[in-house]
Amino acid sequence: MERHLEEMAQQGWMVERMDSLWWVYRRCEKRRAHVAVSYDIQSSIFDPEGVEGEREELCRYAGWQLAASTEKVKVFYNWEENPLPMETDPRIEVESVHRGVKSLFLPIYGLYLLLGFSWVCDLVADLAFDPIGRLSSYVQICQGVCGVLLLLLTAIELAGYYGWRRKALRMAEQGMFLETSSYGGAQKAAAWGVLFLFVIWSIDGIFGQNPMGKITVWCALILLVFLTVAIPMLRNELRRRGISREKNRMITFGLAYGGTFIVICGLIGILMGMDWKSWNTVDVPLDVTDLLNVSRDDYEVDSWQEDTILLGKTEVRQLTNLDVPQGEDIPDMIYTVVEVKASILYGTCQAQLLRQGTYQQVNGQPWGANVAYQKMSNGKALTSYLLCYDSQLMSVTFGWEPTQEQMQLVGEKFGGDML
Amino acid sequence: MKFQTLSEQMFYVLLCLGEERCGIDILDQVPAMTHGRVRVGSGTLYNLLEQFLEAGCIEETRVEGRRRSYLITPKGQEMLEQEYQRICAQAEDYRRMWERRKCGERYQA
C-alpha cells in the first residue's frame, strides 16, 4: 500500500478518502512523498471527521500528515527529504501490525475461509452427486468458482502474512525491518474474476427463463447498491457533521439492518404473491397432447429450464387438473431432459440419472435411442424410462403404458435414429 | 507483549517518564538526552505508550484535549532498574575481558 501510494504521489495524486469499494485521490504537486500506513485498533470508521487523537498529534508534530483513514487503518504522508520514519523499532512495528491484523482482518478472513470452504465442499459434493443441477445453472457455477477463489485467495493471504510475521520477528531480534510482500497481482486477478462471475450471474438471472432468478438478482443488486454505496455515504455524512461515534454506529447499523429486512421481506412477499403460471414461458419440448387424445385444459403444467454452455436442463410436470371429474382417463406425464453440450459430461450425467432408481436395460430401438433403461420396483417394470440419445438424456414417467407409436413419436422429438 | 529485555527506545521512553510528560515532550526529550543518538518514531512512541499502559509500566496522569500525560509506575521502575543492571553487568563483563586481554598482551610483550 505504501509503495503504491508513493508511486501515485510521484505522478501527482494523493489519496483523500478510502471507502469500502474505492479510494478517492486528489491532485497534488508531483514530488517524492514518504507514506506510512499504520493500524490503530482504537479508531473506528464511525469517528467524527477532523477529530484528531493523540496518534495524529504526535505524527503531525514529527511531520507526518494524516491523509485518509478507514476502519482502523490510517495513511500518513511526509514531504520532507529524509524524515524520521514513523516506525523506528522493528519489534514494536511487527507487534502493532499483528494487533491490527488480529483485530480487523483475522475475524473477516476466518469467515471467508469458512464460507469458501463450505462453498467448495458444496461444489465437490455436487460434482460427485448432482453434476446436472450444478452445471446447468450459472448461479451454481458462479457460486462454486467464487468459493474456490475465496478459499485460495484467503489461504494465500493468511499464509503470506504469517510467513512474513515469522521472518519479521527473526529480523526484528537483530534490529532490522522486513518489507511486506505484495500479492497485488493475485488479488487483482481474483477481483476481476469475481466481477466477471457476478456479471454473468446477473445477466443470466435478469434475462433467463427462471422468474425467481430475475427477482433474486434485482433484489441482490438493490441490496448491493444500498449497502456498499448508500450506507457508507450516510455514514460519511454523519462523520462530516461531527456526530459522535456511538450515534453514528447506531443510525448506520439501524438503517442497514432495517433496509435489508425490508428488501428481503419485499422479496418474500413478491415471491409468495406471484402468479407463477403467468411468468412461465418455457417451451415444453414434449406435451402430453402430442401423445394422447386429451385436452391441455385438463392439465396443470409446471416447467423449469436452466441452461449454461455446459448443460441444459428442462423439467416438465403435466399433472391432471384437480377439477377434472374422477374416473376420467387423464394420465400424468413427468420428464426431465438434459442437453449435454460438453460431451465429456455425458457419462457422469447418465450415471446420475441411473442412480435415481433401479434400472434395467431394454431395447432402445422403439424409442430411437442409443440406449434405453426401464425403472424396476420389486421386480416389476414401471412406466418410467431413461432414454439416452446422442446429446440428450431423457428421464420420463408416463401415467400409462406407452404404445410403439408413442415411443416413436418421443424418439422423433428428441432427434433419435428411427431407422 | 512481554517486555523481557527493553530495546534502547523502550529504555529511554521509560526513563523520560520518570517525570510526568506527554508524548510530544518524549519526542523532544529522548534525542536531547542522547545527543541525537536515539530518536523514537511517532508511530513507535504511540504504540509503546499503549503497550506500556496495558502492561502497567506507566499510568496516565492527565488528559488535556488530545494531549495525555504519563508517569512511570513502580512496575515500570522495576523493569527499568532490571534493564539498567543488565546493561551494567554487560559493561562490567566488557571491561573485565578487555583488561584481561590488555594484561595478556603486556605479559607477552
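The values are calculated or read from the model by the stated rules, or taken from the named source; none is laboratory data. What you see is a predicted model; the values in this text were computed from it and never measured. Cβ coordinates were reconstructed from backbone atoms using ideal geometry, including for glycine residues, and neighbour counts include every protein chain displayed.
Which residue is farthest from A:R245 (Cα to Cα), if the candidates are limited to segment A:27-60 and must be in a strand (DSSP E or B) and modelled with pLDDT under 90?
A:V37
Is there a residue being within 7 Å of chain B (Cβ to nearest Cβ), touching a residue at least 12 places away in the same chain (Cβ under 8 Å) and either touching a helix residue (DSSP H, G or I) at 6+ places or on another chain (Cβ under 8 Å) or not in a loop (DSSP other than H, G, I, E, B) (or both) anywhere in segment A:65-77?
Taking every residue of segment A:65-77 in turn, none turns out to be within 7 Å of chain B (Cβ to nearest Cβ), touching a residue at least 12 places away in the same chain (Cβ under 8 Å) and either touching a helix residue (DSSP H, G or I) at 6+ places or on another chain (Cβ under 8 Å) or not in a loop (DSSP other than H, G, I, E, B) (or both).
Determine whether A:D130 is touching a residue at least 60 places away in the same chain (Cβ under 8 Å) and of a type outside the set (K, R).
Criteria met by A:D130.
Collect the residues in segment A:17-40 that are of a type in the set (D, E) and under 23 Å from A:A191 (Cα atoms), keeping them in residue-number order.
Answer for segment A:17-40, where residues must be of a type in the set (D, E) and under 23 Å from A:A191 (Cα atoms): just A:D19.
Looking at segment A:14-28, can you tell me whether even one residue there is within 12 Å of another protein chain (Cβ to nearest Cβ) and buried (at least 20 other Cβ atoms within 10 Å of the Cβ)?
Looking through segment A:14-28, none of the residues is within 12 Å of another protein chain (Cβ to nearest Cβ) and buried (at least 20 other Cβ atoms within 10 Å of the Cβ).
Scan (1) modelled with pLDDT under 90; (2) part of a strand (DSSP E or B); (3) more than 11 Å from chain B (Cβ to nearest Cβ) for the single condition A:F105 breaks and write down its number.
It fails just one condition, (2).
Scanning segment B:1-53 for residues that are out of contact with any helix residue (DSSP H, G or I) (no Cβ under 9 Å at 6 or more places or on another chain) and among the hydrophobic types (A, V, I, L, M, F, W, C), which turns out surrounded by the most Cβ atoms within 10 Å (Cβ to Cβ)?
B:L53
Would you point out which residue out of A:E237, A:E246 is surrounded by fewer than 13 Cβ atoms within 10 Å (Cβ to Cβ), at pLDDT 80 or above and farther than 18 Å from A:M18 by Cα?
Testing whether each residue is surrounded by fewer than 13 Cβ atoms within 10 Å (Cβ to Cβ), at pLDDT 80 or above and farther than 18 Å from A:M18 by Cα leaves just A:E246.
Considering only segment A:376-413, how many residues are part of a loop (DSSP other than H, G, I, E, B) and surrounded by fewer than 21 Cβ atoms within 10 Å (Cβ to Cβ)?
Number of matching residues: 9.
What helices (runs of 4 or more DSSP H) completely inside segment B:1-87 contain at least 1 residues that are within 21 Å of A:E173 (Cα to Cα), β-branched (V, I, T) and within 11 Å of chain A (Cβ to nearest Cβ)?
Per the criteria, B:8-16, B:42-55.
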